[in-house]
Amino acid sequence: MSAATSLNLAAVTGATSTGEAVQFWVLAVIAVGGALGTLLMRKAVHSALCLAATMLALAVCYMAQGAVFLGVVQIVVYTGAIMMLFLFVVMLVGVTSADSLKEQLKGQRFAAALCGLGFGVLMVAGIANAKLDSFAGLGEANAEGNVQGLARLIFTKYVWAFEVTGALLITAAIGAMVLTHREHVKAPKTQRELAAQRVADNIQVPPLPAPGIYARHNAVDIPALLPDGSIAEDSVMATLRERGQIRDVSQEMLARMAELESTTADWLGRPPSERPPVTGPRKALEPVAANHPAPANRPASDHDEEGAE
Amino acid sequence: MSVLLTATCAVPAVGAVVTAALPAGSTEARRRNTKIVATVFSVATLALAGAVAARFDPDGARYQLTESYSWIRSFGITFALGVDGIGAVLALLTAVLVPVVLLASWHDADPAVAPPEGSFENRRRTQAFFALVLAVEAMVIVSFYATDVFLFYVFFEAMLIPMYFLIGGFGDRAGGPESARQRSYAAVKFLLYNLLGGLVMLAAVIGLYVIAQDQGLGTFDLQTLTAAVADGRLQIGGTAEKALFLGFFFAFAVKAPLWPLHTWLPNAMGEATAGTAVLITAVVDKVGTFAMLRFCLGLFPDASKTFAPAILVLSLIGIVYGALLAIGQKDIKRLVAYASISHFGFIIMGIFAMTSQGQSGATLYMVNHGISTAAWMLVAGFLISRRGSRLIADYGGVQKVAPVLAGTFLIGGLATLSLPGLAPFVSEFLVLVGTFSRYPAVGIVATFGIVLAALYALLLYQRTMTGPVKEEVRGMPDLKVRELAVVAPLVALTVLLGVYPKPLTDLVNPSVNATLSQVHQTDPTPAHPVSADHGTAQDGTARSGGEHK
Amino acid sequence: MNSLIPLLVAAPLAGAVLLLLGGRAFDRLGHWLATALAALSFGFGLALFSDMLGRDAEDRTLTQHLFSWIPVNGFQADISFQLDQLSMTFVLLITGVGTLIHLYSVGYMAHDERRRRFFAYLNLFLAAMLLLVVADNYLLLYFGWEGVGLASYLLIGFWQHKPSAATAAKKAFIVNRVGDMGLSIAIMLMFVEFGSFAFEPVFGAAGSASEGKLTAIGLMLLLAACGKSAQVPLQSWLGDAMEGPTPVSALIHAATMVTAGVYLITRSGAIFNLAPDAQTAVVVVGAVTLLFGAIVGCAKDDIKKALAGSTMSQIGFMILAAGLGPIGYAFAIMHLVTHGFFKAGLFLGAGSVMHGMNDEVNMRHYGGLRKYMPVTFVTFGLGYLAIIGFPGLSGFFSKDKIIEAAFAKGGTEGWILGLCTLVGAAVTAFYMTRVMILTFFGEKRWQPDAEGHDPHPHESPKTMTVPMIVLAFGSVFAGGLFAFHESFLTWLEPVTGHEEGNSPLTPLVVTLLTTACMLAGVALSYLMYGRSAVPVVPPYGSPLTRAARRDLLQDDFNHAVLVRPGSALAAALVYFDSRGLDGFVNGLAATIGGVSSRLRRIQNGYVRTYALSMFGGTLVLVATTLLMRSV
Amino acid sequence: MNPVNYLYLSALLFTIGASGVLIRRNAIVLFMCVELMLNASNLALVTFSRMHGNLDGQIIAFFTMVVAAAEVVVGLAIIVSIFRTRHSASVDDSNLMKL
């Protein structure tokens, strides 16, 4: 805040200090870079992060221009609340879903670029043509403090608009609830009915196997092992399965078992087991997605090791 | 400031809201309650409109019982009501016809036993129909009472909305799925035609305001504007006046309807229920002819005189054309519609002949045509609802099985052909005389209309009512008590106004004189007037002569 | 006494209203009520008549103003009445004959289930007809004029289940409407010319109007008279009108309504006197019709249609007389009254014959009826003698006067008209003798009716014979009474005026000529029909006979010239309306729809395309703004 | 440095945001671009506020933020409900407005 206050000092007069100039150029690069990132990143999450960067840069710009309150609001409301909301939705919709690169609308990109270019040129030309050399500065307006000045305006001159925005916000909240509310078309099925349905359909009558390997792992992304050493896919939630984010630790477990057995045999003075190491059927499941490191190299997770010895 | 006029307009409007809000009519009893409530409101409106006509003093000011409330101040728009003799009489006609129409349509809006595919069929059907009719009534009455051009325009246009739903939503029981398609075609055609006219008029209304504002009269108030036009404070100027006149006239000519803008009427009247058809031809269309008299002549006197000959020719074509087409129709309701087109030709001709006989006749014609066509159409509706067909060829010999129905149908037909002793004769003859005294040739050609009228009215009667009884007609019941209650007042009024129209003419004459003086026209004087000692100086002469000054 | 005039009209009107609205309550005794009210009206008429006789000849016009009917500035129509000698004559004829025919109908319609309605219509007719003759202005006259048209329509079409009756009724009304159009134009002309259309002011001011205007008014009035009185060229409805019940034919289509045209012309004498061209037209119409009707009457085998032809012809005599101006007015009316008696009697006789013959109307299926229906034979015979102008009977006096007046017209015209009337008289004698012989003489040619019942001719009941007897008295003595000391002429002269023409022949010569012609007609007819058996199936006949059987091709002419092109025009206009006018409208709608359906492809539903167009639009707006500012 | 540069920055950001709206198909990203445009205009407003020496520009920017918040709430709710029914966040998949 202190930095902002010092920057603010420059803004009270119309002129800009060198410090502000430096700050502007830095922030401008960040803001434009963030904006381009928003535009060009294929993944929504990345776009959101880039946008957040831009917004932060703009927040500093506001403060530099004497709009301290707005700068703070920008950080709290925009970067803090709105962007988080975006991220939530991105998560809900799917972090990984990326735009395909193929444009379906003929000429859309070209036309968009042309329009953008034309618009930019026009704006720049317009601003350049306007007589904007005299900056009054906010020294007078912010004399009793920026927040107080804003408050005076909001609760006097703009009180009506302020009240209306309040109503708007409530309406929006209700609207969001209504939109996302799902009406039950028919009565929800009771447990009894669900059970009966399962029996009738003859699919997985007993509960699904729990994930994790007891005494060794209990993470949700580690499938349980079947008696033959192969993994029980049903034990991992469908979302993870869909994303291919299953950590198959069966090999490691079997290796440990084998090691344990041989140690025990040594200790008891028995001959080592003749049983060959099981490499169970893998089914169609590839445990490692392309962008995931092989889980075999990550045995020593925090809790995985508990009770190992 | 009396609020009588506002009350007269408000009662049906409130009635419409109340009726619409009544509980949905799944049972017969609830539906009956709805109907009774609506009818009570319409009768209350009748009482108020009667009070307005009774309190109107023919010797008093042109507009009486005036009220004015500020509405849109920045454009000088007011909610201004006022009544002259013509408006009072026409509002009374509306108020008389609506209860009759409601009673006649008692079962038209009941849900069908087996709703046809794709029809407008729901539980609030009855409420909707009765509420819409009352809404139309309210809007029409406001139009008759409005003395603010913009206010008039708003209600002139707004009445299209309930009419659209009445035409499109409630049709004849006659006809299968094809009729639903025809009905929506008719409703859309009605709406588009009238909207087109209305938009042209809106442009003219705005143009009028702009011109008036330029000359320091930023108002839509009719009395101010007409007074300014009369004493030269407002000079619209040649071309502009003509353009504005045509803008107003176009809207009214579509609504009236004048040949060749009539083609929506047969569709609308043919497809709608008989009650709605009566609303169209007897009530809503009258607003068009009424507005020609009040707005076109009052605001644009010079342009009115310029265009009068052309309009007379169009109306003359309409008279003959409508009658000939009526002769050629195969469908009872379309026949009535074409007959109405012919009659509207007479009304417009009377207005633009610019004689006191012609205009008084035209005003009476509006009333008489309303009453007599209502009787004719409603009886035709009863007939159609019995047999389930609109085709003339499907009937024959009804007279034998349902003599009262046939008798009232004949009276309706005779009124349509202007038999002396029935109300339409008085007005038709006045229009003919009024036209003849200024344009003899037009008057003579128009007289052929009375022969053609006899032809279509009697042909229809002969083909449907006489001859051997057709198999499908056998066992057709005669008019029921409700239906008699519908027809009896109409027939009684037709006879009464045919023999003693003086109460109406007393109301109408001063207003017509005022209108004529607005257009600076006087009646042509007789070539060889009867000398004084031969004069038929009766009380009526002395009275109206006094008002003339 | 004046206040009795409205009651004249009101009595039968009340009867009509009561019977129509009263419903079944009047089924049993309604016909007697109607008859009583007709008689009451006759009583009022007699009271007024005696009152009138008590006054001076110049002071016999009674007026009664009831109320203002249509008051609109200069246009003042009143419900007010005027009863002068001319009207009085009609009132007595209408109510007198009307009452008799009511009485007759009690018997004739005894078995009709809709008898109450029939009497209501009859009363309605009386009211309208009385209104017509006592009106003091043309508009009120027009009211009655169309009122009788309505009554005639209702009564011709009384048996509506017969398509022929319904068609005939409609035809009568519409043809009459053409005439009515003339009357309404005449009224409009009067209003424009004089500012009034009441009798007194119009006749008073007639002298100041130009002859052209008066001729126009006169011609329009003549058109009206042609329609109502079935004169050429609007005569075609009368024959068909015989579809109505016979009492109706007697009352309306013989004695009273059809003579309204004569009344109109006589009443408007003040106008016609000043418009010689119009008078000439009237005379021509009368002369043509009297021959036309007579020829048609010769050819018809239907007894009622033969009599209808005769009616047409006799009214032609009257119109001709009325067209002669003051020479003939009184005689026209005199013939009208005597004709009212004998023609009503003849029709009632015909009705009586039909009543006895299972409603058979074809005279070729009659024959030898004099023995079976003596009273009918005698009364019909007296009527026959009266109509042919047998010396001493009614028709002799009145017709002879008309022929005399025709010659008195003077000059070539006088000769032509006189000869026409003489020929007419001869032909009248011919066809009436034919009717007489075919019906009452010769051998029986009776045919079984449609259900195979053989007719059993019998004399009609008292209610029917009494009116016939009374009318027969009138047929015999009325003419003599009127001619006695020229009493009728004296009675009417204050209203119609009178002047003696300059006849080239003395009255005696005319009378002798007339009688000779009459006798020649009778003799010819006897030679043709009385001496040899009459064939049951009509012979092929000469072209003239065949044309006359078809009303001298009048219907064919109307059909070809008016009806066929008219319905073709209507059909063409229906096509034009749906394809032309409406086609234009619908075509416009279709064009807009077509263009829209192409344009809507631009709306591809992709949000980004819409965003692009919005952005492009903004671009254009910004560019325009900047450009405008820089300019 | 002239504070006008803030305006140039604002114009640039706005243009980038608008192009993003036209080019991106993911409804969420599209929405982010809209937010970017709003932010750009906010920057302009703040700069104008400084230029004119009064706080009204900031007030408008403040209201813009509030409205943007409301808009985001509703907009995202719409996106979520569309995603739930159509399993896609691509705006090109929702073209039912075409008839």
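Since every read-out is calculated from the coordinates, none of them should be taken as a lab result. Values in this document were obtained by computation on a predicted structure and should not be read as measured data. All Cβ positions, glycine included, derive from the backbone under ideal geometry; neighbour counts span all protein chains shown.
Could you tell me whether region B:457-529 comes out rounded, prolate or oblate from its Cα gyration tensor? Rule is a ≥ b ≥ c as square roots of the eigenvalues, rounded for a/c under 1.5, then prolate if a/b exceeds b/c, otherwise oblate. Prolate. Computing FRET efficiency as 1/(1 + (r/R0)^6) for C:Asp449 and C:Ser567, where r is the C-beta to C-beta distance and R0 is 51 Å, gives about 0.90. At q = 0.10, 0.16, 0.18 Å⁻¹, what is the log10 ratio I(q)/I(0) for chain D, with the Debye formula run over Cα points and no solvent? Debye output, listed in q order: -0.36, -0.75, -0.87. Here is the P(r) of region A:75-176: all C-alpha pair distances, binned every 5 Å from 0, give 2, 8, 6, 9, 11, 14, 17, 15, 9, 6, 1, 0 in whole percents.
Counting, for every residue in B:346-356, the Cβ atoms of other protein chains within 10 Å of its Cβ and taking the mean gives 1. Neighbour counts of C-beta atoms inside 10 Å place C:Ile469, B:Ile167 in the sequence C:Ile469, B:Ile167, starting with the fewest. Using equal-weight Cα scatterers in the Debye expression, the normalised intensity of region C:178-266 in log10 at q = 0.10, 0.12, 0.26 Å⁻¹ is -0.31, -0.43, -1.23. With a simple spin-label model that places each label point 7 Å from the Cα along the Cα-to-Cβ direction, the separation between C:Thr591 and B:Arg482 comes to 4.8 nm. Taking one quarter of the surface of the convex hull spanned by the alpha-carbon atoms of chain B gives a direction-averaged projected area of 24.5 nm². In summary, region C:388-502 shows an alpha-carbon radius of gyration equal to 1.50 times the 2.2 N^0.38 Å reference for compact globular proteins. Remark: C-alpha extents of chain C on the principal axes read 116, 65, 57 Å, sorted largest to smallest. For the peptides A:140-146, D:7-13, C:377-383, the ranking by packing is C:377-383, D:7-13, A:140-146, with the highest mean count of neighbouring Cβ atoms within 10 Å listed first.
A simple rule links phi to the HN-Hα coupling: the Karplus curve 6.51 cos²θ - 1.76 cosθ + 1.60 with θ = phi - 60°, which for region C:135-147 gives 5, 9, 9, 5, 5, 5, 4, 4, 4, x, 4, 6, x Hz, with x for Gly and Pro.
Within region A:10-81, all pairs of alpha-carbon atoms sorted by distance into 5 Å bins from zero give the percentages 4, 18, 22, 21, 17, 10, 5, 2, 0.
With respect to chain B, whose longest principal axis is taken over its alpha-carbon atoms, helix B:502-518 is tilted by about 40°. Exposure proxy for D:Arg86, A:Arg192: other Cβ atoms within 10 Å of each Cβ, ordered fewest to most, give A:Arg192, D:Arg86. Each Cα pair under 8 Å and six or more residues apart adds its sequence gap; the mean of these over the residue count of chain C is a relative contact order of 12 percent. In the elastic network of chain D, a GNM with C-alpha springs shorter than 10 Å, the most mobile of D:Phe83, D:Phe48, D:Phe14 is D:Phe83. Beyond 25 Å, the tail of the calculated P(r) for region C:502-600 holds 65 percent of the Cα pairs.
The coefficient of translational diffusion for region B:138-254, derived via Stokes-Einstein from the alpha carbon Kirkwood radius under 4 °C and 1.567 mPa s, stands at 81 µm²/s.
Across region B:307-434, counting alpha-carbon atoms alone, Rg and Dmax equal 15.6, 52 Å. Pairs from the list C:Lys371/C:Lys444; B:Lys400/C:Lys228; B:Lys480/B:Lys502; B:Lys502/C:Lys170 with a Cα-Cα gap above 22 Å: B:Lys400/C:Lys228; B:Lys480/B:Lys502; B:Lys502/C:Lys170. The Rg/Rh ratio of region B:369-434, with Rg taken over Cα atoms and Rh as the Kirkwood radius over Cα pairs, comes to 1.07. Indicate the gyration tensor shape class of region C:39-113 (rounded, prolate or oblate), computed on the Cα atoms with a ≥ b ≥ c the square roots of the eigenvalues: a/c under 1.5 is rounded; otherwise a/b larger than b/c is prolate and the rest oblate. Here region C:39-113 falls in the oblate category.
Taking 25 °C and 0.890 mPa s as the conditions, I'd like the Stokes-Einstein D for region C:15-146 in µm²/s, using the Kirkwood hydrodynamic radius from alpha carbon pairs. After rounding, the answer is 154 µm²/s. Descending by average beta-carbon neighbour count within 10 Å, the peptides A:178-186, C:309-317, C:436-444 line up as C:309-317, C:436-444, A:178-186, the highest first. Based on the convex hull around the alpha carbon atoms, region C:455-533 presents an average projected area of 9.9 nm². FRET efficiency for the A:Arg256 to A:Glu233 pair, using the beta carbon distance and R₀ = 30 Å, is estimated at 0.85.
Shielding of peptide D:39-45 by partners, expressed as the average count of other chain Cβ atoms within 10 Å per residue Cβ, is 5. Counting only other chain Cβ atoms within 10 Å of each residue's Cβ, the peptide C:183-196 averages 6.
May I ask which of C:Lys162/C:Lys343; C:Lys300/C:Lys409; A:Lys106/B:Lys189 have a Cα-Cα span longer than 30 Å here? Pairs exceeding the cut-off: C:Lys300/C:Lys409; A:Lys106/B:Lys189. Structural size metrics of the protein assembly as shown, computed from C-alpha coordinates, are Rg and Dmax of 48.5, 181 Å. When only alpha carbons are used to place a centre, region B:416-478 and region C:206-225 end up 27 Å from one another. Sorting B:Tyr185, B:Tyr321, A:Tyr78 from the fewest to the most surrounding beta carbons within 10 angstrom yields B:Tyr185, B:Tyr321, A:Tyr78.
Determine the shape class of region C:307-348: with a ≥ b ≥ c the square roots of the Cα gyration tensor eigenvalues, call it rounded for a/c under 1.5, and otherwise prolate if a/b is greater than b/c, oblate otherwise. Cα axes put region C:307-348 in the oblate bin.
Could you state the angle between the C-alpha long axis of helix C:582-599 and the longest principal axis of the C-alpha atoms of chain C, as a value from 0 to 90 degrees rounded to the nearest 10? Orientation of helix C:582-599: about 10 degrees from the principal axis.
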